[in-house]
1. It is to be established whether one or more residues within the stretch 55-67 are at positive phi and surrounded by 14 or more Cβ atoms within 10 Å (Cβ to Cβ).
2. Report the residue count in the stretch 31-54 for those that are in a helix (DSSP H, G or I) and either out of contact with any Lys or Arg (no Cβ under 7 Å at 6 or more places or on another chain) or not β-branched (V, I, T) (or both).
3. Checking the condition assigned to a loop (DSSP other than H, G, I, E, B) and at pLDDT 95 or above, which residue from V9, V28, V57 passes?
4. Would it be correct to say that A32 is open to solvent by 20 Å² or more (accessible area, probe 1.4 Å) and not basic (K, R)?
5. Just wondering, is there one or more residues in the stretch 1-22 that are under 13 Å from the mean Cα position of the chain (by Cα), charged (D, E, K, R) and surrounded by fewer than 14 Cβ atoms within 10 Å (Cβ to Cβ)?
Amino acid sequence: MADPVPITVYTRENCHLCGEATETIEAVAADAGVDVALDLVDVDEEPSLREEYGDRVPYVLVDGRPAFKYRVDRPRLRRLLTEA
């Protein structure tokens, strides 16, 4: 069995797009049969992250590479997961 694909989501509290992104990632991964290791990082907990990302959340890294900002594209995510 392959190792889970690491996915980092830079997020913040009360962010509806962040919740939507996480739900999309989980749904696409389940549909594709790919295990993911989801790491949610609240940008407001660290000043340097808040400065770097500001309102640009959710910001999603797939396998350590920038992949999505604001919305997760299902077909592209599926492709990235199966290629990882």
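1. yes
2. Residues meeting the conditions: 11.
3. Selected residue: V57, the only one of V9, V28, V57 that is assigned to a loop (DSSP other than H, G, I, E, B) and at pLDDT 95 or above.
4. yes
5. No, there is no match, as no residue in the stretch 1-22 is under 13 Å from the mean Cα position of the chain (by Cα), charged (D, E, K, R) and surrounded by fewer than 14 Cβ atoms within 10 Å (Cβ to Cβ).
The values are calculated or read from the model by the stated rules, or taken from the named source; none is laboratory data. Being a predicted model, the structure only gives us computed values, none of them experimental. Please note: Cβ atoms are built from the backbone with ideal geometry, for glycine as well, and neighbour counts cover all protein chains shown. Protein only, heavy atoms only, side chains kept; ligands, DNA and RNA dropped before computing areas. Shrake-Rupley method; radii C 1.70, N 1.55, O 1.52, S 1.80 Å.
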